[in-house]
Amino acid sequence: MKDVLKKLQHVKIQNKSRLSEEDQRFCQIQQKLYDSTRNHFLSMFVDMETLHQQELSFYGRIQKYADRVYQQNLISMDKKKQTEVMEKVHNHFIKTIISFFNRKYGLAIQIHSYERYISLQDSTEPVLHNRISSLTEEEKQIYREEMKRCRKQKEENLYEVLFARIDYPLIVDDIFSYLGGFSFQEKVEQEIKKM
């Protein structure tokens with residue numbers, strides 16, 4: 001009995017092996033498209049940072065003349081906007097894969113946001129139950145420290161979203177979790193019976 005248990009512990013089931021060749025090929029193509037799009041934007045953001053620094057340097061050298069002619073900050077390095085772009089890239093990738101399986105097999109798998117596949121730390125701001133003026137100095141200090149921690153965590157989360165990479169097997173794991181151990185065909189039959 002122990003030998004059987006040992007053998008079962010060493011068996012590794014990969015979701016790739018549960019996908020048909022066609023489904024696996026689709027996922028791999030989507031992964032390549034996602035990776036190239038993601039890499040393109042990341043490269044573009046680096047180039048924008050370089051151009052922004054050049055712009056600031058140029059503006060600093062011609063400031064008297066620039067006040068009348070030159071508009072500063074033509075090239076903006078807004079991390080929040082960059083993060084929004086990457087959120088769209090992540091979400092599109094997830095939606096494309098799940099929608100493919102929903103259409104192909106007549107399933108109703110919920111499409112989750114990228115947060116499900118990227119681990120982000122909680123950045124909830126502390127709740128202030130009274131006016132800040134009614135707090136003691138010690139309570140104010142604690143509140144300020146919590147706000148500082150929260151802002152730092154939000155900044156780290158922006159960075160994490162910006163540079164995160166989602167692998168299609170994570171999404172496929174979700175799909176098989178939805179199937180509850182059934183094959184695609186068995187799940188479709190089960191859902192038809194429920195109707």
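Remarks
- LEU179, sole failed condition from (1) loosely packed, with under 13 Cβ neighbours inside 10 Å; (2) within 24 Å of the chain's Cα centre (by Cα): (1)
The rows are residues; the columns are (1) surrounded by 13 or more Cβ atoms within 10 Å (Cβ to Cβ); (2) over 30 Å from MET195 (Cβ atoms); (3) small (Gly, Ala, Ser); (4) at pLDDT below 85.
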position	(1), (2), (3), (4)
ASN73	no, yes, no, yes
HIS92	yes, yes, no, no
ILE98	yes, no, no, no
LYS104	yes, no, no, no
SER119	no, yes, yes, yes
GLU137	no, yes, no, yes
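- Verdict on ILE109 being open to solvent by less than 30 Å² (accessible area, probe 1.4 Å), of a type in the set (A, V, I, L, M), modelled with pLDDT of 80 or more and in a helix (DSSP H, G or I): no
- Residues located in the range 184-195, provided they are open to solvent by less than 60 Å² (accessible area, probe 1.4 Å) and in contact (Cβ under 8 Å) with a residue 24 or more places away in the chain: PHE184, LYS187, VAL188, GLU191
- Residues that are aliphatic (A, V, I, L, M) and within 19 Å of LYS95 (Cβ to Cβ) number at least 3 in the following helices (runs of 4 or more DSSP H) confined to the range 132-195: 168-179.
The values are calculated or read from the model by the stated rules, or taken from the named source; none is laboratory data. All values derive from a computational prediction rather than experimental measurement. Cβ atoms come from the backbone with ideal geometry, glycine included; neighbour counts cover every protein chain shown. We work out accessible area using only protein heavy atoms, side chains counted, and drop any ligands, DNA or RNA first. Shrake-Rupley method; radii C 1.70, N 1.55, O 1.52, S 1.80 Å.
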